[in-house]
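Take a look at the structure below.
The values are calculated or read from the model by the stated rules, or taken from the named source; none is laboratory data. Values in this document were obtained by computation on a predicted structure and should not be read as measured data. Cβ placement follows ideal geometry from the backbone for every residue including glycine, while neighbour counts extend to all protein chains displayed.
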Amino acid sequence: MPPVINLSSLGNLLTYLTAFFGAFLAALWLSLVFWTLRDIRSRSQDRLVHILASLVVAVLNLPGLVIYMILRPRQTLNEAYGHTLEEEALLSQIEDRPACPGCGARLRSDWQVCPHCHTRLRKPCTHCSRLMELPWQICPYCGTLAPGVRTEGSISETEVSLG
């Protein structure tokens, strides 16, 4: 003989399953609302946007979450700050490199001649061979006078022979 199913116990089982499923859906709904609030806080500082994003998900549930995912800012505030720092670092590296006075090309600090337009940028010291700027008349590293520079009291041999 087949087992007899008691309809009252089956009704109680369905009540418990419905209550469990309802509690699960309520927990899922609340977790979506709180997740949305935490996510929008990491992406925006505007409190009105925080409230509106949470309300969209609270009222519309899963369709609201899809709408939020489409409309939310692409980057978090930390990511945007990191990208800003990277851009500033790159710009400072570009600005730190000197430019050629002839053609404006970016140069290295140890170049004597611009490789693009062949403009002379620096001259080597005759004594220590370190690079000096063109207008310098004395080497700041070793104190040697640049070629062709006179000291105040000295007279060159050509001046003596002419005089």
Has the stretch 55-69 got at least one residue that is loosely packed, with under 11 Cβ neighbours inside 10 Å and under 30 Å from residue 132 (Cα atoms)?
-> no
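Conditions tested, residue by residue: (1) surrounded by 10 or more Cβ atoms within 10 Å (Cβ to Cβ); (2) touching a residue at least 12 places away in the same chain (Cβ under 8 Å).
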{"position": "108", "(1), (2)": "no, no"}
{"position": "111", "(1), (2)": "yes, no"}
{"position": "115", "(1), (2)": "yes, no"}
{"position": "121", "(1), (2)": "yes, yes"}
{"position": "125", "(1), (2)": "yes, yes"}
{"position": "132", "(1), (2)": "yes, yes"}
{"position": "139", "(1), (2)": "yes, yes"}
Return yes or no: is residue 90 at pLDDT 95 or above and not aromatic (Phe, Trp, Tyr)?
-> no
Would you check which residues across the stretch 83-121 are basic (Lys, Arg) and part of a loop (DSSP other than H, G, I, E, B) and list them?
-> 97, 108
In the stretch 6-56, how many are in the same structural domain as residue 73 (by TED's automatic domain parsing) and either among the basic types (Lys, Arg) or not in a helix (DSSP H, G or I) (or both)?
-> 7
Consider residue 80 carefully, then state whether it is in a helix (DSSP H, G or I) and touching a Ser or Thr at 6+ places or on another chain (Cβ under 7 Å).
-> no
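If you check 107, 10, which single one turns out to be under 30 Å from residue 135 (Cβ atoms) and modelled with pLDDT under 95?
Only one candidate qualifies: 107.
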